[in-house]
Amino acid sequence: MDSFAPTKDDRFSFGLWTVGNPGRDPFGEAVRPVQDPNHLVRKLAECGAWGVNLHDNDLVPFGASASERDRIVGEFKATLEDSGMVVPMATTNLFSHPIFKDGGFTSNDPKVRAFGLQKTMDAIDLGVELGAKIYVFWGGREGTEADACRDPQEAMKRYRDGMNYLCSYVKDQGYDLKFALEAKPNEPRCDMYLATTGHMLHFIETLDHSEMVGVNPEVAHETMAGLSFTHGVAQAMEAGKLFHIDLNAQRIGRYDQDLRFGSEDLKQAFLLVRLLEGTSGSTPYDGPRHFDAHAYRTEDMDGVWEFAVGCMRTYNILRARARAFDADPEVRALTATITDDTLDPLLAAGYSSDNAAALRAVSIDVDATAARGLGYEIS
Ligand code: DIG
Ligand code: MN
Ligand code: MN
């Protein structure tokens with residue numbers, strides 16, 4: 001019995017575009033045949049996944065007629081039903097078609113911005129029809145090479161107008177849907193707007209309906225920016241804005257690799273799973289565990305399914321290790337020494353004139369405090 005085998009209770013999901021990635025890259029053609037979405041759903045179910053996510057055009061070809069769209073969606077819904085899979089998240093492809101070559105929401109061409117809204121409303125309708133509760137926005141083309149092409153302040157205004165319009169659309173339709181904004185610092189554009197999860201968390205607070213908008217941080221994207229992914233996720237969790245997450249792996253200083261979860265910085269993957277699962281006693285993340293990753297270009301379809309199972313098993317192994325770590329008496333004893341709540345009554349109380357007087361009266365031995373070793377190197 002494989003105690004790390006994925007089950008539906010783990011709530012693991014994959015995008016159709018991940019296990020369906022044919023391996024094309026800027027320097028070479030596809031190495032794997034394009035897969036039928038229904039076959040991918042059935043195979044993901046066999047692997048132990050719980051959910052499957054999609055861009056509109058991962059399922060419905062760009063420009064399909066209404067009747068073709070309905071036929072495709074009908075067949076897909078039947079496959080979901082037969083295989084016991086759900087669609088937790090949906091999103092729009094606003095980055096592949098040439099019309100979006102200079103962005104969708106931030107494009108200088110109002111016809112492009114209008115088409116981006118049309119396409120996203122249609123894709124939201126599709127996502128809701130398939131049962132999605134989270135809608136992701138990754139602004140893959142929202143950025144620049146020639147930065148003088150538009151005032152970056154105007155770009156922010158256009159982005160905000162697009163988000164406000166679509167939030168209002170969801171509310172007007174009465175959809176039970178939340179938005180999750182995904183940041184990335186560059187690629188495919190030279191510099192992308194809203195480059196990190198931190199940028200997104202502020203941007204969300206400027207929206208008309210910020211309560212329905214959170215973030216979808218991705219391991220590779222924060223790592224590309226040289227940032228701590230765990231810290232960005234922790235800030236989102238603490239703000240109640242971690243609505244979704246894209247799990248994968250990445251080596252710093254490289255293109256967006258979207259590697260198998262845990263296959264690079266295993267220590268950070270462990271600390272991330274520990275944070276998400278709340279094994280230290282913090283509030284856990286309660287959303288889907290989504291792998292936005294794909295197999296090496298060297299792999300055939302057997303390798304793709306090994307990759308998918310590997311993502312999920314690695315998460316389960318790390319969760320078991322995190323539970324053991326935080327249950328370990330030695331770890332608990334050490335953790336107790338690095339937390340000191342003696343001044344909490346003063347520090348946690350917040351400001352008042354009485355509190356300030358009491359705080360100023362506290363005698364602190366600066367030299368002794370400065371000289372104390374923190375014990376982080378204990379082996
Ligand atoms: C890339 O990291 C992006 C797209 O694959 C998609 O729009 C989003 C959904 O997770 N991630
Ligand atoms: Mn990525
Ligand atoms: Mn992603």
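So the values come out like this:
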{"item": "Selected residue (criterion: farthest from Tyr285 (Cα to Cα)) from residues of region 1-43 that are outside any loop (DSSP other than H, G, I, E, B) and within 16 Å of ligand 2 (Cβ to nearest atom)", "result": "Asp25"}
{"item": "Pick from region 273-291, criterion part of a loop (DSSP other than H, G, I, E, B) and in contact with a helix residue (DSSP H, G or I) (Cβ under 6 Å, 6 or more places away or on another chain), ranking: nearest to ligand 1 (Cβ to nearest atom)", "result": "Tyr285"}
{"item": "Test: residue in region 278-286 that is in contact with a Ser or Thr (Cβ under 6 Å, 6 or more places away or on another chain) and open to solvent by 20 Å² or more (accessible area, probe 1.4 Å)", "result": "no"}
{"item": "Residues of region 358-369 classified as open to solvent by 70 Å² or more (accessible area, probe 1.4 Å) and touching a helix residue (DSSP H, G or I) at 6+ places or on another chain (Cβ under 8 Å), total", "result": "1"}
{"item": "Residues that are within 15 Å of ligand 2 (Cβ to nearest atom) and more than 21 Å from Pro188 (Cα to Cα), drawn from region 234-257", "result": "His244"}
{"item": "Residues of region 88-141 that turn out to be within 12 Å of ligand 1 (Cβ to nearest atom), closer than 19 Å to Tyr169 by Cβ, aromatic (Phe, Trp, Tyr) and open to solvent by 10 Å² or more (accessible area, probe 1.4 Å), as a count", "result": "2"}
{"item": "Among (1) open to solvent by 20 Å² or more (accessible area, probe 1.4 Å); (2) closer than 18 Å to Ser96 by Cα; (3) out of contact with any His (no Cβ under 9 Å at 6 or more places or on another chain) - the single one Asn57 does not satisfy", "result": "(3)"}
{"item": "Selection from region 230-259 of residues that are crowded, with 22+ Cβ neighbours inside 10 Å and polar (S, T, N, Q)", "result": "Asn248, Gln250"}
{"item": "Subset of region 180-203 that is within 16 Å of ligand 3 (Cβ to nearest atom) and not in a loop (DSSP other than H, G, I, E, B) - its residue that is nearest to the chain's Cα centre (by Cα)", "result": "Glu182"}
{"item": "Within region 181-193, considering residues that are among the acidic types (Asp, Glu) and open to solvent by 40 Å² or more (accessible area, probe 1.4 Å), the one farthest from ligand 2 (Cβ to nearest atom)", "result": "Asp191"}
{"item": "Any chance Leu227 is within 13 Å of ligand 1 (Cβ to nearest atom), free of Cβ contacts under 8 Å to residues at least 40 places away in the same chain and at negative phi", "result": "no"}
{"item": "Hey, Arg274 more than 16 Å from ligand 3 (Cβ to nearest atom), open to solvent by 60 Å² or more (accessible area, probe 1.4 Å), at pLDDT 95 or above and more than 14 Å from the chain's Cα centre (by Cα) or not", "result": "no"}
{"item": "Complete set of residues in region 194-229 that are open to solvent by 10 Å² or more (accessible area, probe 1.4 Å) and among the polar types (S, T, N, Q)", "result": "Thr196, Thr206, Ser210, Thr223, Ser228"}
{"item": "Every pair of residues 6+ apart whose Cβ atoms lie under 7 Å, when the first sits in region 250-267 and is closer than 14 Å to Ala293 by Cβ while the second is at pLDDT 95 or above and among the β-branched types (Val, Ile, Thr)", "result": "Gln250/Val219; Gln250/Thr223; Phe261/Thr314; Gly262/Thr314"}
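A quick yes/no check of all residues on (1) surrounded by 10 or more Cβ atoms within 10 Å (Cβ to Cβ); (2) within 23 Å of Thr279 (Cα to Cα); (3) of a type in the set (Val, Ile, Thr):
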position	(1), (2), (3)
Asn316	yes, yes, no
Asp328	yes, yes, no
Asp341	no, yes, no
Leu347	yes, no, no
Tyr351	no, no, no
Ala356	yes, no, no
Ala371	no, no, no
Tyr376	no, yes, no
Ser379	no, yes, no
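The values are calculated or read from the model by the stated rules, or taken from the named source; none is laboratory data. Treat the numbers as computed from the prediction; the structure is a model and nothing was measured. Reconstructed Cβ throughout: ideal geometry from the backbone, glycine too, with neighbour counts over all protein chains shown. Ligands, DNA and RNA are excluded from the accessible area calculation, which covers all protein heavy atoms including side chains. Shrake-Rupley method; radii C 1.70, N 1.55, O 1.52, S 1.80 Å.
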